[in-house]
């Protein structure tokens, strides 16, 4: 295996979990190698202002925060590479991995921190106003729409939770549902139905996000039964139609739930394969916050350090 590069701790992904894992692993002298993947910095790089991460009293942009974390990881000796892990063989240790550029790796331990991608409607206007009124995270961006009118798209638990959360901040919340029923749990449905600030548009789908140089100012809806068009005025447009964990290349080897989120043991980052760990949104379908992702990255690095000490 002379054409394989040997790595002690390989980190796949570069969001807050990956960079935090790198910082801790590097300080533990594990000489981590981190592959940034398709979206260096993760989902936070498409977020404008972050006001809820401790230590930034004036807020910070997602891109700036990820640059700071990257610099910190490099400062302690992390080898950060702009490439993508495309194949992984976890059948035996050391693990064999292959990158898009053809690089072959042998890793004693692997931290999967590939994150999860928000599902989007696929509208050109949605892409245009992403970060300018269009968001996929109410708890991240809701604060910026205090006392304003916003819309939430979706009919499941996540959509109902986001609408309920926003109703505590915003003047009015429109919940836009494609069907004539909600898929959410009974408790969540009742919470939404009884909230005077939430108005539900049944049998409607967004066909265009409206706005100008200042950002979103409305959305055009189409009735899914009659085809009738309706324009509503709002300044915030939140997608809550789900997330897709970026775990596809590990399927068949790493245990996941029905949605594809990697299953970790208890409060640890251990997966079903000894030596393979998971951190961040790829294993978290509940919280999906920068701070929780960073915390799980710390946990993963400490778990790796202990694992390698016990399995020299």
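The values are calculated or read from the model by the stated rules, or taken from the named source; none is laboratory data. From a predicted model like this one, the values you see are computed outputs, not experimental measurements. Cβ coordinates were reconstructed from backbone atoms using ideal geometry, including for glycine residues, and neighbour counts include every protein chain displayed.
Residues checked against (1) touching a strand residue (DSSP E or B) at 6+ places or on another chain (Cβ under 6 Å); (2) closer than 14 Å to residue 232 by Cα; (3) modelled with pLDDT of 95 or more:
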site: 150; (1), (2), (3): yes, yes, yes
site: 156; (1), (2), (3): no, no, no
site: 159; (1), (2), (3): yes, no, no
site: 162; (1), (2), (3): yes, no, no
site: 184; (1), (2), (3): no, no, no
site: 212; (1), (2), (3): no, no, yes
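Based on what the data block shows, is residue 90 within 25 Å of residue 260 (Cα to Cα), touching a helix residue (DSSP H, G or I) at 6+ places or on another chain (Cβ under 9 Å) and modelled with pLDDT of 95 or more? Considered against the rule, which asks whether it is within 25 Å of residue 260 (Cα to Cα), touching a helix residue (DSSP H, G or I) at 6+ places or on another chain (Cβ under 9 Å) and modelled with pLDDT of 95 or more, residue 90 comes out as yes. Which of the residues that make up the range 267-287 are outside any loop (DSSP other than H, G, I, E, B) and under 19 Å from residue 85 (Cα atoms)? If the condition is that a residue be outside any loop (DSSP other than H, G, I, E, B) and under 19 Å from residue 85 (Cα atoms), then 276, 277, 278, 280, 281, 282, 283 are the ones that fit. Those strands (runs of 3 or more DSSP E) of the range 224-266 in which 3 or more residues are surrounded by fewer than 13 Cβ atoms within 10 Å (Cβ to Cβ) occupy 229-233. Among the residues of the range 128-165, the one identified as under 14 Å from residue 210 (Cβ atoms) and part of a helix (DSSP H, G or I) is 128.
Looking at the range 19-34, is at least one residue over 16 Å from residue 297 (Cβ atoms), modelled with pLDDT of 85 or more, outside any helix (DSSP H, G or I) and out of contact with any helix residue (DSSP H, G or I) (no Cβ under 6 Å at 6 or more places or on another chain)? Yes, because at least one residue in the range 19-34 is over 16 Å from residue 297 (Cβ atoms), modelled with pLDDT of 85 or more, outside any helix (DSSP H, G or I) and out of contact with any helix residue (DSSP H, G or I) (no Cβ under 6 Å at 6 or more places or on another chain).
Looking at the structure I just gave you, is residue 201 more than 29 Å from residue 53 (Cα to Cα) and either surrounded by 15 or more Cβ atoms within 10 Å (Cβ to Cβ) or in contact with a helix residue (DSSP H, G or I) (Cβ under 9 Å, 6 or more places away or on another chain) (or both)? Yes; evaluated as a whole, the condition is true for this residue.
Can you tell me which residue is farthest from the chain's Cα centre (by Cα) among those in the range 67-93 that are buried (at least 19 other Cβ atoms within 10 Å of the Cβ) and part of a loop (DSSP other than H, G, I, E, B)? Here the answer is 90.
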